[in-house]
Amino acid sequence: MAQELYDTARAIVADHRGILAADESTGTIKKRFDAIGLDSTEDNRRHYRQLLFTAPDMENSIGGVIMYDETIRQATDDGTPFAEVLASKGVVPGIKVDTGAQDQAGFPGEKITEGLDGLRGRLEEYRELGARFAKWRAVITIGDGIPSVGCIRANAHALARYAALCQEAGIVPIVEPEVLMDADNTIERCFDVTSRTLKWTFHELLVQRVDLRGALLKPNMVISGKGCSEQAPASRIAELTVECFLTHVPAAIPGIVFLSGGQSEVEATDNLNAINQVGGPWPLSFSYGRALQQAALATWNGDAANVESAQAVFAHRARMNALAAAGEWSAELEEQVAV
Ligand code: 13P
C-alpha cells in the first residue's frame, strides 16, 4: 500500500507534469460561468469538464486532475466515467474532499476548513469511483494581527488528520495550506506567514504519522499581496519562495505543486519558471485552477462549435506550465507556439 502511494505521488509530477484543479464547487463554477453568461446547469458543467479532460495531448503536461464530488460521478457523451477517461490517458484522477472553510469560532476574520466527519467512508467510496489522490484546502488570511497561531495550528491539525485518513484509504493526500494573496501585504510578510504556516503544517503531519513520501504539498508562492503598492518581480518571488521551502519542507516530499491563487495565466507561468531556475530538492510544479482555465473558458464561451479551439488553448496553457516546471519557459517561446 505504501509503495503504491509513493508511486502515485511521483507519477503525478513525473516529466515536469502538473495538476489541473477542476474541482470548483457548484457555487464557484457558477461564478465562472456567470462571467461568460452561461447557465450553470449540471449538463453545462459536464460539457465543460469533458472539454478539458478529453483535450488532445493534455496528458503530456497534466499528470493529475482534481474533480469535485459531482464531477467524479459524471461521464462523457458516450457514457465513459470521467475517472476512467483520465486514467486511460495516464492522468491520475483526484477528488476534493474538504467541505469548505468556515468562520473559526473565537477567531474573528479567520477560517477553519471542515470535512473530517465521515471522511473515512467518503474516501472509501471515492477510491471505488477511481480517485487515487485527494485535496484539502486550508485558508490562511493575512490582516491586522492575523493570522493567529490558533488558526494556523487548527488548520494544520485538520490537514494532518485528513492526510492520515487518505493514506489509510490508499489515496495520496494533497496538503494545501493556502496563504491568501488578496491583502495589501509586502512579499516579506508573505514570507513570514508562509514560513509559520509550513512549520506548523509539517509539525502536525509528522505528529499524526503521515508518510511524507506518499503526499504532495500544494502551497502558495511567496508573493506580494494583490493590493501592495510594491509588486516584487519574478526573480524575487523565486528567491524567497525557494528559501522559505528549503527551510521548512523536508526533501522526502515527492513534489511541490503551487496554486495560482489569483495570478494571471502568464504571471503564474513566469513565476513558476523563475522558481525552477533557482530550483530545490523536490519537483516544483503546478496545480492551477484559474491560471489553466481562464482563456480556455473564454474561448469555449458555452458554444459547442468552439470546443476544439478551447481544447487547443487549454493544452497550450498546460504545455507552457510544464515547460515552466522544467525552468525552460520564456515569453518568446510562448508567442512562437501560441495557438
Ligand atoms: P487556483 O490555481 O485558481 O488558485 O486554484 C487552485 C486550487 O485548487 C485552489 O484550491
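Annotations for the structure displayed:
- Options A305, A322; residue that is within 16 Å of the ligand (Cβ to nearest atom) and either small (G, A, S) or on the phi > 0 side of the Ramachandran plot (or both): A322
- Scanning region 64-123 for residues that are touching a strand residue (DSSP E or B) at 6+ places or on another chain (Cβ under 9 Å) and among the polar types (S, T, N, Q) yields T71, Q74, T99, Q102, Q104, T113.
- Close pairs from region 246-262: first closer than 30 Å to E24 by Cα, partner among the polar types (S, T, N, Q) and away from the ligand (no atom under 16 Å from the Cβ), Cβ under 7 Å, at least 6 apart: H248/S195
- Count of region 144-175 residues which are farther than 15 Å from W200 by Cα and β-branched (V, I, T): 4
- The set of residues in region 1-21 that are surrounded by fewer than 22 Cβ atoms within 10 Å (Cβ to Cβ) and among the aliphatic types (A, V, I, L, M) comprises M1, A2, A11, A14.
- Cβ separations smaller than 8 Å between residues 6+ apart or across chains give the following pairs from region 4-30 residues that are touching a residue at least 60 places away in the same chain (Cβ under 8 Å) and of a type in the set (S, T, N, Q) to residues that are away from the ligand (no atom under 11 Å from the Cβ) and in a helix (DSSP H, G or I): T8/G214.
- Whichever residue in region 64-78 is out of contact with any Leu (no Cβ under 9 Å at 6 or more places or on another chain) and not β-branched (V, I, T) and, among such residues, is nearest to the ligand (Cβ to nearest atom): Y68
- Some residue of region 171-181 being more than 18 Å from the chain's Cα centre (by Cα) and not hydroxyl-bearing (S, T, Y): no
- Looking at region 79-197, the helices (runs of 4 or more DSSP H) lying wholly inside it that each contain 3 or more residues that are within 16 Å of the ligand (Cβ to nearest atom) and crowded, with 17+ Cβ neighbours inside 10 Å sit at 149-168.
- Being under 19 Å from T54 (Cβ atoms), away from the ligand (no atom under 15 Å from the Cβ) and buried (at least 23 other Cβ atoms within 10 Å of the Cβ) is a description that does not apply to W329.
- Selection within region 33-78 - among the small types (G, A, S), in a strand (DSSP E or B) and surrounded by 16 or more Cβ atoms within 10 Å (Cβ to Cβ): G63, G64
Quick note: the coordinates plus some simple rules give every number you see, no bench work behind them. Quantities reported herein were computed from a predicted structural model and do not represent experimental measurements. Positions of Cβ are backbone-derived with ideal geometry, glycine not excepted, and every protein chain shown enters the neighbour counts.
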